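Reading through the structure tokens given below for one structure.
The values are calculated or read from the model by the stated rules, or taken from the named source; none is laboratory data. Quick caveat: nothing in here was measured; it's all calculated off a predicted structure. Here the Cβ positions follow ideal geometry from the backbone for every residue, glycine too, while neighbour counts run over all protein chains shown. In case anyone asks, the SASA skips ligands and DNA or RNA and just uses the protein heavy atoms, side chains included. Shrake-Rupley method; radii C 1.70, N 1.55, O 1.52, S 1.80 Å.
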Amino acid sequence: SDDADAAKTPLTFELRMADHVGGDDAHKDDDHKDDDDETTREDDEEADEDDPFLLVAVDATHAGVSSFVAEEGTVGLPPKTMLSLARGDPGIARALEAGALVRVKFVKVPVVPESSASLRPLASGFFADDENENDEVLSLDLKGVLEREFRGRHVALTVGDWLAVDLAEEQGGKTVRLRVERLEPYAALNVLNTDLEITVLPSEKVEATAKKDERDRRRRDDRRAKRAARALAARERLSKDLAQSSQSSQKSVRVQLRFADGHRAEGRFDATAPASYLADLADAWADDDARLDPENDDWSLVSTYPRKTYARDDLRLTNVGDVAGGQPSIALLVAQQQQGGIAPQSLTSQSSRRREKADDDDDDDDDDDD
């Protein structure tokens, strides 16, 4: 009978911080979850009023009665309930320890024949060392550990609950905390009388690393796309640059650029042509990761003797003949641009020194005339 079944079902209660009531909001994703993670049935139209546990208050947890030994007029909260109320908030944890008020309401948490829970280990989870990003996963029987944790220890689970699992010394001797990210078919369940299937999700550490790797990959792909577009535009300009230089009757300079992967790009330019033509020559062939790191894909042109370094901006200040030093040909290395600015031996600083030297020479000539 229904009465007999009710007698076998443990008493269950909803617990919420008295000063964190928050109305009757449905459970929402918090900062630890992906935007596309569905933690509750969020379609209000499908949420039948007879099934209130399709939607659960965001700050609520549920618990059962394990014994009747607390002092008259008080309720003792077990560690799992304390963790689930605080959920990592040190302010709430301190308030609970200081005796903050908790609102307790009797509810009938659903009991279903079959259910499922997805748990995410917090921090490093089942890794041996919280600080070591390359650490190995602990060697343990995870299924056995979780079965022991749930066997008679917990009456109810709620989406957002925190669990603390103490591992034996031979399993690492650490305490692993897990967060309940999903429950099916309800956002709160009685887990004593159900066939509960547990899925352990990647730990926060693994998830954070995966997200960082994905952000880095997207950033590199974006930079590669921009670099490819820049190379295409440079090749179009380069074809015009070379055509103009071939029609000029002025002295020409043969330029060879060498990249880190051994690739060589060559062109012959009018000596009076702007040195920005050399930037086009470099950009036209700098669209390969082996030539330039996509994380820092700008370059400098370096001559070996005399050693000079030309950043992109430097090339706007001079012409091809000056870069070649009046010689009919020049070989330049395409080097990765230094982080934080151009190399110190840039053409700009060299030009300034040349101007200063010329001014000094003029002063000397004036002294001789006197």
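Considering only the stretch 75-98, how many residues are assigned to a helix (DSSP H, G or I) and surrounded by fewer than 16 Cβ atoms within 10 Å (Cβ to Cβ)? Reasoning before the result, please.
Filtering the stretch 75-98 for residues assigned to a helix (DSSP H, G or I) gives 79-86, 90-97.
Next cut, surrounded by fewer than 16 Cβ atoms within 10 Å (Cβ to Cβ) only: 79, 90-91, 94, 97.
Total meeting the criteria: 5.
With respect to being open to solvent by less than 80 Å² (accessible area, probe 1.4 Å), out of contact with any strand residue (DSSP E or B) (no Cβ under 6 Å at 6 or more places or on another chain) and assigned to a helix (DSSP H, G or I), R235 falls outside the description. For the stretch 307-314, the criterion of being farther than 26 Å from Q250 by Cβ and surrounded by fewer than 16 Cβ atoms within 10 Å (Cβ to Cβ) is met by at least one residue. Considering (1) small (G, A, S); (2) surrounded by 19 or more Cβ atoms within 10 Å (Cβ to Cβ); (3) without any contact (Cβ under 8 Å) to a residue 24 or more places away in the chain, the lone condition that S203 does not fulfil carries the number (3).
Filtered by the rule that a residue be within 20 Å of R291 (Cβ to Cβ), among the aliphatic types (A, V, I, L, M) and assigned to a strand (DSSP E or B), the stretch 238-263 gives V255, L257.
When R224 is tested against (1) surrounded by fewer than 16 Cβ atoms within 10 Å (Cβ to Cβ); (2) touching a residue at least 60 places away in the same chain (Cβ under 8 Å); (3) over 30 Å from W299 (Cβ atoms); (4) within 31 Å of the chain's Cα centre (by Cα), just one condition goes unmet, and that condition is (3). The set of residues in the stretch 179-196 that are more than 33 Å from the chain's Cα centre (by Cα), not in a strand (DSSP E or B) and not β-branched (V, I, T) comprises L192, N193. Scanning the stretch 268-309 for residues that are in contact with a Leu (Cβ under 9 Å, 6 or more places away or on another chain) and either β-branched (V, I, T) or in a helix (DSSP H, G or I) (or both) gives S276, Y277, L278, A279, D280, L281, A282, D283, A284, V302, T304, T309.
Has the stretch 291-301 got at least one residue that is modelled with pLDDT under 90, of a type in the set (D, E), more than 26 Å from L242 (Cα to Cα) and under 32 Å from the mean Cα position of the chain (by Cα)? Yes - at least one qualifying residue is present in the stretch 291-301. For D289, which of the numbered conditions (1) buried (at least 16 other Cβ atoms within 10 Å of the Cβ); (2) closer than 28 Å to D222 by Cβ; (3) among the charged types (D, E, K, R) fails to hold? All conditions pass for D289, except number (1). Has the stretch 345-366 got any residue that is surrounded by 11 or more Cβ atoms within 10 Å (Cβ to Cβ), part of a helix (DSSP H, G or I) and at pLDDT 85 or above? No, there is no match, as no residue in the stretch 345-366 is surrounded by 11 or more Cβ atoms within 10 Å (Cβ to Cβ), part of a helix (DSSP H, G or I) and at pLDDT 85 or above. Any chance the stretch 99-119 includes a residue that's open to solvent by 80 Å² or more (accessible area, probe 1.4 Å) and among the hydroxyl-bearing types (S, T, Y)? Among the residues of the stretch 99-119, not one is open to solvent by 80 Å² or more (accessible area, probe 1.4 Å) and among the hydroxyl-bearing types (S, T, Y), which makes the answer no.
Could you list, in sequence order, the residues of the stretch 238-290 that are among the small types (G, A, S), farther than 15 Å from V323 by Cα and over 43 Å from the mean Cα position of the chain (by Cα)? Selection gives A243, S245, S246, S248, S249.
Quick check on the stretch 238-261: of everything there that is open to solvent by 50 Å² or more (accessible area, probe 1.4 Å) and small (G, A, S), which residue is modelled with the lowest pLDDT?
We begin by selecting, within the stretch 238-261, every residue open to solvent by 50 Å² or more (accessible area, probe 1.4 Å); these are 239-240, 242, 244, 246-247, 249-251, 254, 258, 260-261.
With the extra rule that they be small (G, A, S), the set shrinks to 239, 246, 249, 260.
Values: S239: 88, S246: 75, S249: 66, A260: 88.
Within the stretch 238-261, the match that is modelled with the lowest pLDDT is S249.
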